[in-house]
1. Consider only pairs whose beta carbons are under 9 Å apart and that are at least six residues apart or on different chains; among these, list those whose first residue lies in the range 122-134 and is in the same structural domain as SER194 (by TED's automatic domain parsing) and whose second residue is among the aromatic types (Phe, Trp, Tyr) and assigned to a strand (DSSP E or B).
2. Only one of (1) in the same structural domain as ASN125 (by TED's automatic domain parsing); (2) buried (at least 24 other Cβ atoms within 10 Å of the Cβ) fails for GLU52. Which number is that?
3. Regarding LYS74, is this residue more than 15 Å from the ligand (Cβ to nearest atom) and over 20 Å from SER209 (Cβ atoms)?
4. Can you pull out every residue in the range 98-124 that is under 21 Å from the mean Cα position of the chain (by Cα) and either surrounded by 14 or more Cβ atoms within 10 Å (Cβ to Cβ) or farther than 25 Å from ARG173 by Cα (or both)?
5. For GLY164, all conditions in the list (1) at positive phi; (2) within 19 Å of the chain's Cα centre (by Cα); (3) without any contact (Cβ under 8 Å) to a residue 60 or more places away in the chain hold save one; what is the number of the exception?
6. Just a yes or no: is a residue in the range 15-36 among the small types (Gly, Ala, Ser) and within 28 Å of LEU169 (Cα to Cα)?
7. Counting only residues that are in contact with a Cys (Cβ under 6 Å, 6 or more places away or on another chain) and of a type in the set (Asp, Glu), how many does the range 64-85 have?
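The values are calculated or read from the model by the stated rules, or taken from the named source; none is laboratory data. On a predicted model such as this, the values are computed, not experimentally measured, just so you know. Cβ: placed from backbone, ideal geometry, glycine included. Neighbour counts: every protein chain shown.
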Amino acid sequence: MEFIDLRSDTVTQPTDAMRRAMAEAAVGDDVFSEDPTVNELEALAADQLGKEAGLYVPSGTMANLVAVMTHAQKGDEVLLEAESHTFLNEAGGIAAVAGVFPRTITGKLGYIAPEQLRTTIRSQNVHYPPSRLLCLENTHNRAGGIPFGPEEMNPTCNAAHELGLVVHLDGARIFNAAVALGVPAKAIVRECDSVMFCVSKGLSAPVGSVLVGSQTFIDRARRFRKMVGGGMRQAGVIAAAGVVALKTMVNRLAEDHANARCLAEGLAAVPGLSVDLTRVRTNMVLLEVGDRLGSAAEFATRMKREGVLAFDVGRQTIRLVTHRHITQGDISRALEAVRRAARQTVVS
Ligand code: TLP
């Protein structure tokens with residue numbers, strides 16, 4: 001059976017143009033900063049996000065870890081949204097490897113308001129770890145791909161700075177936010193001290209993320225990347241696809257967003273299922289499975305039998321993600337498959 005794969009935009013394959021660019025990439029030793037293709041990707045990424053410099057890293061997880069290690073010291077307190085990817089899905093690396101003290105703030109659909117920061121932050125006191133860093137996420141994955149624009153980002157970043165914190169943004173899907181809001185990515189991240197984004201998700205490159213920030217920050221981050229084993233030598237072979245991704249793949253994310261909306265509207269009409277359509281803003285759909293259809297895990301298994309792959313992300317919640325390999329036809333077929341799964345699944 002050929003599956004319609006809505007598990008994640010990470011499943012995207014490199015385009016033909018990417019494969020050609022990879023085959024022809026000029027390369028050098030990137031640990032010596034001598035790989036021209038990696039250097040090109042880093043400069044391009046920094047330029048698109050309005051920062052001084054960039055650093056190519058193997059994954060989003062490593063980019064976030066390196067950012068935390070660069071900004072904070074062992075024992076420092078790092079504030080994160082309670083459902084953030086860095087807190088929930090990065091194997092606890094910021095505690096285990098960076099040795100920082102994570103403290104969570106429950107945001108509103110992933111958004112931390114300035115007031116929440118002001119009431120959470122602690123005074124300097126011998127009993128408390130020094131608060132050093134705020135990590136934000138945009139789009140917010142667990143909230144369902146919610147994008148935040150400058151009018152939300154700037155006040156929070158400004159409040160953090162007033163409180164003496166630096167701000168790192170997990171912008172794994174920042175270009176989804178930019179396309180959805182019709183605002184340049186650099187305007188969204190203007191007040192962030194560092195940003196990481198992934199070329200390996202909706203942008204379709206096979207590997208990698210870029211961390212951007214000031215030149216001083218990136219110079220220090222380069223050493224931490226080496227420390228955690230992220231110095232990749234002739235990495236231009238994979239960075240070449242990242243260059244193509246940044247130059248040619250951003251605007252088409254709008255198609256993924258339109259398909260997600262179409263999928264969400266269809267799913268919302270299936271008896272026993274519900275979707276909060278106001279939350280469908282980018283390429284993700286959070287599907288709530290009514291109790292009479294069983295748990296999300298059970299329903300995802302039924303969906304798989306009907307040819308649709310998706311992850312359960314909560315007891316009654318399934319996440320579906322659209323991407324370049326999902327066509328409008330796939331959306332119609334996926335909806336038919338989910339309707340079949342729902343008809344068969346009534347739990348007595
Ligand atoms: N997210 C993956 C899974 O790990 C959940 C996905 O399928 O969405 N930040 C955010 C906001 C992410 O969504 C992800 C990946 C990462 C960081 C980590 O990136 P990688 O997988 O490159 O380490």
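1. PRO129/PHE101
2. Failed condition: (2).
3. Criteria met by LYS74.
4. Of everything in the range 98-124, those that are under 21 Å from the mean Cα position of the chain (by Cα) and either surrounded by 14 or more Cβ atoms within 10 Å (Cβ to Cβ) or farther than 25 Å from ARG173 by Cα (or both) turn out to be ALA98, PRO102, ARG103, THR104, ILE105, GLY107, LEU109, GLY110, TYR111, ILE112, ALA113.
5. Among (1) at positive phi; (2) within 19 Å of the chain's Cα centre (by Cα); (3) without any contact (Cβ under 8 Å) to a residue 60 or more places away in the chain, the lone unmet condition for GLY164 is (2).
6. yes
7. Of the residues in the range 64-85, 0 are in contact with a Cys (Cβ under 6 Å, 6 or more places away or on another chain) and of a type in the set (Asp, Glu).
Residue-by-condition table, conditions (1) within 16 Å of the ligand (Cβ to nearest atom); (2) in contact with a Leu (Cβ under 8 Å, 6 or more places away or on another chain):
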residue	(1), (2)
SER59	yes, no
ALA82	yes, no
ALA98	yes, yes
GLN116	no, no
